[in-house]
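Enquirer: Here it is: the structure, laid out below.
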Amino acid sequence: MQQTPSSKINLLVIDDDDINIFIISKIVEKTGYDVEICAKHNGQLAIDYIKDLVDSQQPLPQLVLIDINMPILNGWEFIEAFEALGLKATNDMYMLSSSVYENDIEKAKSYKSVKGFISKPLSIDRLKELLAAID
């Protein structure tokens, strides 16, 4: 039997593509982990959500998957806005993008909040690795 965390994991997906969000939710179901997904369609909505969590003293999501290309606030702008909040990061953030540009992968490494860069599509095995690292 697969070992899974005993508590629910909160996952924040920041992506403007409903199909990608749907695919991630289906992948989550196949991991065997107890995951609650919150999806935001751009970086500004995600920043507002995080500020609301902080204001209401709710825990931040343990895992955040961030698309790069989005309207209003893109993935890079979200990371900059998040880091400007000065929060003690208690989460794992990953850029999740269809970009194959080496400069995007290198740029992701330049942010202290970002743990890595994952190319779309997200696989079940890769998501299991991310979830297992949280527990």
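Enquirer: Just wondering, is there one or more residues in segment 60-79 that are without any contact (Cβ under 8 Å) to a residue 12 or more places away in the chain and farther than 22 Å from Lys128 by Cα? It would help to see each step written out before you state the result.
Expert: Filtering segment 60-79 down to residues without any contact (Cβ under 8 Å) to a residue 12 or more places away in the chain leaves none.
No: zero hits.
Enquirer: Go through segment 112-128 and give me each residue that's more than 14 Å from the chain's Cα centre (by Cα) and without any contact (Cβ under 8 Å) to a residue 40 or more places away in the chain.
Expert: Lys112, Asp125
Enquirer: Does Ile118 fit the bill of being open to solvent by less than 60 Å² (accessible area, probe 1.4 Å) and under 19 Å from Lys8 (Cβ atoms)?
Expert: Numbers: open to solvent by less than 60 Å² (accessible area, probe 1.4 Å): yes; under 19 Å from Lys8 (Cβ atoms): no.
It is false that Ile118 is open to solvent by less than 60 Å² (accessible area, probe 1.4 Å) and under 19 Å from Lys8 (Cβ atoms).
Enquirer: Within the bounds of segment 5-27, is there any residue that is basic (Lys, Arg) and in contact with a strand residue (DSSP E or B) (Cβ under 7 Å, 6 or more places away or on another chain)? Outline the logic, then answer.
Expert: Of segment 5-27, the ones basic (Lys, Arg) are 8, 26.
Then drop every residue that is not in contact with a strand residue (DSSP E or B) (Cβ under 7 Å, 6 or more places away or on another chain), which leaves 8.
Yes: segment 5-27 contains one or more residues that are basic (Lys, Arg) and in contact with a strand residue (DSSP E or B) (Cβ under 7 Å, 6 or more places away or on another chain).
Enquirer: So, of the residues in segment 82-101 that are in contact (Cβ under 8 Å) with a residue 12 or more places away in the chain and more than 15 Å from the chain's Cα centre (by Cα), which turns out to be farthest from Val64 (Cα to Cα)? Write out each step before concluding.
Expert: Step one: list which residues in segment 82-101 are in contact (Cβ under 8 Å) with a residue 12 or more places away in the chain, which gives 82-83, 85, 87, 89-100.
Pick out the ones that are also more than 15 Å from the chain's Cα centre (by Cα) and you get 85, 87, 99-100.
Values: Leu85: 16, Leu87: 14, Ser99: 18, Val100: 20 Å.
Taking the candidates together, the pick is Val100.
Enquirer: Restricting segment 2-16 to residues that are assigned to a loop (DSSP other than H, G, I, E, B) and at pLDDT below 95, which is nearest to Asp48 (Cα to Cα)? Spell out how you get there, then give the answer.
Expert: From segment 2-16, those assigned to a loop (DSSP other than H, G, I, E, B) are 2-8, 15-16; that's our starting set.
Still in the list and also at pLDDT below 95: 2-8.
On the way: Gln2: 36, Gln3: 34, Thr4: 31, Pro5: 28, Ser6: 29, Ser7: 25, Lys8: 23 Å.
It comes out as Lys8.
The values are calculated or read from the model by the stated rules, or taken from the named source; none is laboratory data. Since we're looking at a predicted model, the values are computed, not measured. Every residue, glycine as well, gets a Cβ built from its backbone with ideal geometry; the counts of neighbours run over all protein chains shown. SASA here: full protein model, heavy atoms, side chains in, ligands and nucleic acids out. Shrake-Rupley method; radii C 1.70, N 1.55, O 1.52, S 1.80 Å.
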